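The block underneath contains the structure these notes are about, expressed in C-alpha cells.
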Amino acid sequence: MGHMSKKKQKQAKEHKNVFVLLLAYVLCIMAGGFVTSGFLLPFAMVTDQVAESASPSLAVSNIDFNPNNLPQQSKMYAADGTTLIATFYTQNRIVVDLSHVSKYMQQAVVAREDRRFFQHSGVDVQGVLRAFVQTYVKGGDTQGGSTLTQQYVKNMLINQATENDDPIGAYHASEDTIARKLKEMLISLQLEQKYSKSEILQGYLNIAQFGTSVYGVETAAEHYFSKSAADLTLGEAATIASITKNPAAYDPTVNPDAAQKQRDIVLDLMVECGFVSQDEANAAKAENMSDMLHVKDVPVGCQTAGNAAFFCDYVVHQIENSDTFGQTAEERQKLLYQGGLTIYTTMDVDAENLANQAVRNGIPENDPSGFEAALASVEPGTGKVIALAINRTYNALATADGTETAINYAVDQKDGGGGGWQTGSTFKVINLTSWLANGYGARVPLPTAMAYDTGGFECNHEAQTTWSVHNFGGGTVNPETPEQALIMSHNTTQATLGQRLGLCKIADTATSMGYKNSSAATPDIHDTIAPTDLIGGHNGASPLTMATVFATIAAKGVHCDPIAITRVTNSSGQDMAVPSANCSQAVPENVAQTVAYIMNEGVQRGAATSAKLNNNVKTFAKTGTADNWYMLTGGFVTGLSTYVATGNEEKLESWDGMTINGRTRSFWDGSYIATPIWKEFMNNYIATGKVQHDDNYGTADQSLLSTNSNGTWSTTTTSYGMKQVKVS
C-alpha cells in the first residue's frame with residue numbers, strides 16, 4: 001500500500017507540473033507571445049509553488065546578458081606583437097560581433113536549433129505544444145521545445161552561477177525541471193523586448209559550447225578549421241552547428257563519422273528552411289569530414305610556451321601581484337583567465353632563444369652535476385626585461401627535483417623564484433658606487449687586514465665577532481685603493497671600505513640601484529645586511545635583480561624597476577593601465593660613468609679579463625664566486641645588461657672537484673662557467689644588431705679618481721680584529 005501510495009503521489013505531482021506548464025503555454029498563446037512579468041508572474045506564483053521558486057530571478061536587469069562580458073581567453077605576445085607566447089582561459093572563448101560570423105554559420109545554427117527564431121518572441125508556442133504532445137501525449141522521447149533565446153538564457157544563468165562560485169545555482173540552471181523551463185520562458189520573453197534578434201543570436205553563438213573545452217563560434221572555427229568564423233564555408237558551418245546537441249559525441253576530432261552524419265542533417269534542415277539550395281547542400285555533403293578538418297589546438301598557460309615558459313611565468317606573477325589589475329589576487333587571476341586580455345610583453349624572441357641556448361651550452365639540462373644556470377637580461381634606461389632563461393624545463397606541477405621545475409631561478413621568490421643566489425664579488429660594484437656617491441675618492445689608499453671587528457660595522461645584523469677575510473689565494477694587499485680592489489676583485493679592501501662608509505649607506509645605495517633580497521619574507525637589505533654582504537656572501541639576490549643593478553650603472557645612474565608588460569588591452573580592445581618602470585636618477589651620472597670606467601679596467605687588465613666581448617665591443621663586467629657554491633657574472637654594454645648565476649639553488653654543494661659539462665676541475669670560479677654563458681649570450685645577441693652600445697661610455701670623472709678620504713680615520717686593533725674609527 002505504501003508503495004502504491006508513493007507511486008500515486010509521484011503521478012499526481014507530475015500531472016500537476018504538466019498542468020502548470022500547460023497553463024503557462026495557454027497564457028503565452030493568449031498574450032501572443034508578448035508576456036510581461038506583470039501579466040504572467042502573479043499567476044505563476046499563485047498557481048504552483050514550482051513556478052513561485054522561479055520568480056526571484058525574472059528581472060532581466062539583474063542578469064548580465066552582455067556577451068562581451070563572457071569568460072574569454074587571454075593571449076600573451078612577445079615584444080614584436082605577433083609571436084604568441086601563451087593563451088590563458090577557463091573557458092576557451094573569443095567573443096566576436098555577429099558581423100564577423102559567416103552568413104552560413106548564422107543560418108546553420110538557426111536551422112538546427114530554432115527555425116522559427118525570427119518569428120517568435122522568445123518562446124515558440126508551436127514548438128512548446130509540439131514538444132508537449134510528443135512527450136506527454138504520444139509518450140515519445142522527451143523534447144524541450146526550447147528556442148535559441150531560451151538556450152541563451154540557460155547558458156547565461158549557468159555561466160553566472162559559475163562566475164559567482166555557486167554550484168547549487170549552476171545545477172538548478174541546468175536541471176530538467178518544470179521550474180527551470182518556466183524561468184527560462186519568462187526571462188526569454190522579457191529578453192526579446194530588450195534586445196534585438198541579432199544581439200540574441202550573437203550572444204548565443206558566443207556562449208554555446210562547440211566541443212570539449214571549445215566555447216563560442218570563433219574559437220570553434222579556429223580549432224576545427226584554422227580560420228575565423230567570418231570565413232566558414234557551408235559545410236564547416238553545418239559541422240560546427242551540429243556539435244551543440246552533444247559536444248562530446250559530435251566532436252569531429254573525436255567521432256568524425258557521427259559528426260559527418262550530424263552535419264548532413266543540418267544541411268538538410270538548411271534546405272528545408274530555404275537558406276540554401278539542395279545542390280549546395282549536396283556539394284557540401286560530398287566532402288569527407290576528415291578532409292575538411294584543419295585542427296589547431298589552443299593549449300593553455302605557460303606550460304605550453306616552450307623556451308619562453310619561465311618568462312611567461314614571470315609575466316603571470318606580475319599580473320597576479322600587481323593591484324593595477326585588481327584589488328585582490330582572486331580578481332587578478334580571474335581577469336587573466338577570463339578577461340579576454342591581449343598582453344604585449346617586453347620579451348625579445350631572438351634574445352630568449354639565444355639565452356636558452358647559452359645556459360644549456362654552459363650546463364646541459366641533464367648534466368650529472370645537477371647544477372642550474374640562470375640568466376636575466378634587461379634594457380638599461382627602460383627596465384624592459386628582454387630575456388629570462390634557466391637550464392630547466394618548465395613544469396608547473398613539478399617538484400624541485402630533476403630537470404623539470406616550477407621554480408624560476410632567474411627571479412625573486414614573490415615572482416615565482418627561489419631564495420636567491422649569493423652574489424659573490426659582483427656585489428663589490430655596489431660598494432664602489434656607494435663609496436663614490438658618498439664623496440670618497442676611488443684612489444684613497446685604505447689599510448687592510450685579514451681579521452675585522454664586526455662590531456665596527458654600522459647597521460650590522462650579525463653578532464659581534466671576528467670576521468676572517470682574505471683575498472683569493474690568501475693574504476691581503478696593504479694598503480689598497482677601492483679602484484684597484486674592484487679591478488683585482490680583492491676582498492680585504494671591501495671590509496675596510498665597509499667599516500669606513502657604514503653598512504647603512506651601502507644598503508641605501510644598493511636599494512636605490514634596484515637591489516633587493518630574493519626572499520619574499522625579507523626583501524629589504526636594510527633588515528638583513530651584514531659585513532659578509534660586502535663580498536656577496538650573506539644575502540641572496542636573483543639574476544634579474546642584479547641585472548637591474550648593473551643596468552643602473554649602464555644608464556648613467558638612472559634606475560628603472562624591471563617591467564615585463566608594455567601594453568594590455570581588455571576584451572573590448574581598450575587599453576588598460578600597466579605597471580610603471582618608475583625610472584629615476586638613483587646615483588649621480590658622474591658616479592655611474594666612473595664606476596663603469598673602473599669596471600672596464602677590470603676587463604682590460606684585471607680579474608674580469610675573461611669577460612671581454614668580441615669585435616672590440618667595450619665591455620663592462622664583473623665576475624664573482626661565492627663560497628665555492630655559486631659562480632656568477634654580471635655586466636653590460638650601454639644597451640643591454642645581463643647577469644648569469646650558476647650553482648645548485650636547491651641545496652648548497654661545493655663545485656670543487658666537480659665534473660661539469662664534461663670538464664673536471666679541482667677548483668671552479670665564475671670565469672669558468674658563468675662568464676662563458678654570459679659572453680655567448682651577449683656576443684650572439686649583439687650580433688643581431690638589436691643592441692645599442694656606446695663605446696664612448698665610461699668616462700671617469702677625474703675628481704672622483706682622487707685620494708679624497710673625506711675625513712681623518714684612526715685604525716685600531718681590538719680583540720675581534722681591525723676597526724676603523726673616524727676622528728674628523
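General observations
- G557 fulfils the conditions (1) surrounded by 24 or more Cβ atoms within 10 Å (Cβ to Cβ); (2) in contact with an Asp or Glu (Cβ under 8 Å, 6 or more places away or on another chain) except for a single criterion, (1).
- When P445, P479 are checked against the criterion of being touching a Leu at 6+ places or on another chain (Cβ under 9 Å), on the phi < 0 side of the Ramachandran plot and of a type outside the set (D, E, K, R), P479 stands alone in meeting it.
- Taking the range 449-471 as the range and being touching a residue at least 60 places away in the same chain (Cβ under 8 Å) and assigned to a loop (DSSP other than H, G, I, E, B) as the test, the residues that pass are A449, F457, C459, N460, H461, E462, Q464, T465, V469.
- Reported count of residues in the range 533-588, each being closer than 17 Å to F325 by Cα, hydroxyl-bearing (S, T, Y) and in contact with a strand residue (DSSP E or B) (Cβ under 9 Å, 6 or more places away or on another chain), is 4.
- All positions within the range 304-326 that are hydroxyl-bearing (S, T, Y) and either surrounded by fewer than 17 Cβ atoms within 10 Å (Cβ to Cβ) or more than 18 Å from G383 (Cβ to Cβ) (or both): T304, S322, T324
- Every condition in (1) farther than 29 Å from Q413 by Cα; (2) outside any loop (DSSP other than H, G, I, E, B) holds for G498 except the one numbered (1).
- Summed over the range 349-385, the residues that are of a type in the set (A, V, I, L, M) and over 16 Å from L632 (Cα atoms) give a count of 5.
- Candidate set from the range 570-602 (those that are more than 30 Å from T342 (Cβ to Cβ) and among the small types (G, A, S)); member that is farthest from the chain's Cα centre (by Cα): G602
- Long-range neighbours under 7 Å by Cβ, at least six apart or interchain, first residue assigned to a loop (DSSP other than H, G, I, E, B) and at pLDDT 95 or above within the range 698-709, second among the aromatic types (F, W, Y) and surrounded by 15 or more Cβ atoms within 10 Å (Cβ to Cβ): G698/Y597; G698/F620; T699/Y597; A700/Y597
- Some residue of the range 348-364 being within 16 Å of A86 (Cα to Cα), modelled with pLDDT of 95 or more, surrounded by 21 or more Cβ atoms within 10 Å (Cβ to Cβ) and under 13 Å from the mean Cα position of the chain (by Cα): no
- Lone qualifier among V298, V315 - being in contact with a Ser or Thr (Cβ under 7 Å, 6 or more places away or on another chain), part of a helix (DSSP H, G or I) and of a type outside the set (D, E): V315
- Considering residues of the range 256-303 that are surrounded by 12 or more Cβ atoms within 10 Å (Cβ to Cβ) and among the β-branched types (V, I, T) only, the residue nearest to E218 (Cα to Cα): V298
- Selection within the range 610-648 - within 19 Å of I535 (Cα to Cα) and part of a loop (DSSP other than H, G, I, E, B): D627, N628, W629
- Sole residue being buried (at least 21 other Cβ atoms within 10 Å of the Cβ) and assigned to a loop (DSSP other than H, G, I, E, B), chosen from N582, N517, N600: N517
- Residues of the range 379-399 satisfying the condition of being within 20 Å of G362 (Cβ to Cβ) and among the aliphatic types (A, V, I, L, M): I386, A387, L388, A389, I390
The values are calculated or read from the model by the stated rules, or taken from the named source; none is laboratory data. Fair warning: this is a prediction, and the values are worked out from it, not measured in the lab. Backbone-built Cβ (ideal geometry, glycine too); neighbour counts: all protein chains shown.
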